[in-house]
Ligand code: IMP
């Protein structure tokens with residue numbers, strides 16, 4: 001006979017937190033959101049931490065190199081999507097690892113023998129008015145001069161005039177040498193009243209540009225997530241088909257942590273994949289597994305050697321797995337049960353395996369609930385897809401700005417490996433939709449607000465850290481009518497577009 005779970009599985013919106021005593025130390029500025037990303041033994045530190053408990057989803061519409069840079073700069077991590085070629089995924093990882101705050105690789109360059117016409121065309125195309133002139137016209141060619149819009153007047157000189165006549169030649173340029181720090185570069189910029197400082201290597205080859213206008217944005221960020229060499233930390237998704245080629249390429253590109261991306265991780269395919277990574281590549285290569293929704297799945301992947309486990313089947317915003325296949329579980333129940341299994345395993349073995357609540361976070365307080373229920377960090381797709389830094393296009397839809405957001409199991413992404421249960425190597429039916437989400441602007445502005453709310457709620461709960469919250473949170477179920485009570489009710493909402501009488 002089938003096994004029945006008698007309690008319904010529940011989702012975040014069915015719960016609320018009961019405040020604990022808030023001590024005077026409990027201020028948002030005293031709250032630490034540092035959390036382990038990979039397993040560790042009792043009394044030791046995890047080899048990789050997050051400074052805020054946020055990961056962006058392993059999805060084409062969410063995690064490319066631009067997203068990874070923006071999120072790591074705020075203290076979280078992106079897992080670069082794996083539903084692309086090994087080469088392009090590794091290249092994205094490489095770009096994150098090469099990123100240096102304030103040091104911009106130049107993407108608008110020309111040769112001295114090219115003409116002002118070429119300059120005008122390039123400026124129109126890229127929007128850049130500072131053009132490094134290199135020997136071969138490449139971003140890292142030998143620097144011969146710089147041309148800015150103040151150096152020429154196109155209507156006087158004409159499109160055919162050669163650049164060499166107008167550029168500031170190398171001999172007259174102020175430049176910095178490779179190894180110059182951002183604050184040193186800024187000093188030079190101020191001292192010489194420059195708008196842009198080129199950074200070159202010993203062979204006079206151009207490495208980066210540092211712009212005066214960028215400095216404020218690039219001031220040190222206290223939460224920035226960096227490795228021992230001060231490079232941003234980045235993750236990458238893998239699958240259980242081509243891992244023998246993909247994993248070495250990603251590690252070679254500098255990926256700090258990998259994660260097997262699968263909608264149902266309780267499988268022999270995934271077990272073998274994780275085992276292979278650990279036994280062939282070595283334990284220093286960190287790899288997470290998932291997704292699971294209960295204790296047996298958790299223990300299975302821990303036994304395979306997983307460094308962290310992702311939790312969640314079917315809660316995601318773009319997900320239709322439950323409708324298509326009837327598998328899944330309410331996300332809150334999954335997190336509560338897997339967290340219990342994690343704590344039990346820690347007690348038995350002395351090894352703490354972090355868990356990640358993946359998908360289904362709609363409101364900011366769901367993040368705190370997931371953490372309070374035992375998650376060590378959360379993974380989100382919809383949330384991040386709304387920002388400037390996500391790969392999707394920004395479009396005007398019915399009068400509002402939207403960003404595109406599509407599931408990995410949609411016909412658009414065709415990530416059949418994520419739904420692979422052996423057999424045919426193609427996507428035979430969809431498990432995700434192709435959709436829009438409201439455009440929300442810059443990642444940092446939004447994330448600062450969310451992090452602020454998370455810390456504030458933690459203060460209500462009397463918790464100064466995530467482990468504190470795990471230990472002391474008090475959580476209550478809310479009835480269906482109680483949920484109604486949670487929003488504005490029994491009032492006439494004012495129209496937001498009414499302007500005050502003058
Ligand atoms: P969201 O934050 O609710 O949008 O959920 C993001 C999560 O959805 C990802 O981290 C994946 O676990 C999951 N996911 C991604 N693509 C699909 C899909 O096509 N179908 C079902 N789940 C998906």
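The values are calculated or read from the model by the stated rules, or taken from the named source; none is laboratory data. Not measured: the values here are computed from a predicted model. Note that each Cβ is placed from the backbone with ideal geometry, even for glycine, and that neighbours are counted across all protein chains shown.
Table for the structure above
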| quantity | calculated |
| --- | --- |
| Conditions (1) more than 22 Å from residue 297 (Cα to Cα); (2) under 23 Å from the mean Cα position of the chain (by Cα); (3) at pLDDT below 95: number failed by residue 418 | (1) |
| Residues (more than 16 Å from the ligand (Cβ to nearest atom), in a loop (DSSP other than H, G, I, E, B), at pLDDT 95 or above and over 18 Å from residue 21 (Cα atoms)) located in segment 425-469 | 442 |
| Any hit, segment 391-402, residues being within 16 Å of the ligand (Cβ to nearest atom) and within 29 Å of residue 47 (Cβ to Cβ) | no |
| In segment 258-278, the residues that are touching a residue at least 24 places away in the same chain (Cβ under 8 Å) and either at positive phi or surrounded by fewer than 24 Cβ atoms within 10 Å (Cβ to Cβ) (or both) | 264, 266, 267, 269, 271, 272, 275, 276, 278 |
| Candidate set from segment 320-338 (those that are free of Cβ contacts under 8 Å to residues at least 40 places away in the same chain and assigned to a helix (DSSP H, G or I)); member that is surrounded by the most Cβ atoms within 10 Å (Cβ to Cβ) | 336 |
| Residue ranges of strands (runs of 3 or more DSSP E) in segment 34-146 with at least 2 members under 27 Å from the mean Cα position of the chain (by Cα) and within 28 Å of residue 406 (Cβ to Cβ) | 54-56, 77-80 |
| Condition met for residue 149 (surrounded by fewer than 17 Cβ atoms within 10 Å (Cβ to Cβ) and within 31 Å of the chain's Cα centre (by Cα)) | no |
| Matching residues in segment 356-390 - criterion: being surrounded by 24 or more Cβ atoms within 10 Å (Cβ to Cβ), more than 17 Å from the chain's Cα centre (by Cα) and within 14 Å of the ligand (Cβ to nearest atom) | 370, 375 |
| Positions within segment 294-319 being crowded, with 24+ Cβ neighbours inside 10 Å, more than 14 Å from the ligand (Cβ to nearest atom) and over 13 Å from residue 356 (Cβ atoms), in sequence order | 297 |
| Single residue of segment 340-355 satisfying the filter (touching a strand residue (DSSP E or B) at 6+ places or on another chain (Cβ under 8 Å), without any contact (Cβ under 8 Å) to a residue 60 or more places away in the chain and more than 14 Å from the ligand (Cβ to nearest atom)) that is nearest to residue 317 (Cα to Cα) | 342 |
| Some residue of segment 483-502 being modelled with pLDDT under 95 and either touching a strand residue (DSSP E or B) at 6+ places or on another chain (Cβ under 8 Å) or on the phi > 0 side of the Ramachandran plot (or both) | yes |
| Residue in segment 451-471 that is within 29 Å of the chain's Cα centre (by Cα), surrounded by 11 or more Cβ atoms within 10 Å (Cβ to Cβ) and free of Cβ contacts under 8 Å to residues at least 12 places away in the same chain present | yes |
| Which numbered condition residue 40 fails, given (1) within 16 Å of the ligand (Cβ to nearest atom); (2) closer than 18 Å to residue 288 by Cβ; (3) out of contact with any helix residue (DSSP H, G or I) (no Cβ under 7 Å at 6 or more places or on another chain) | (1) |
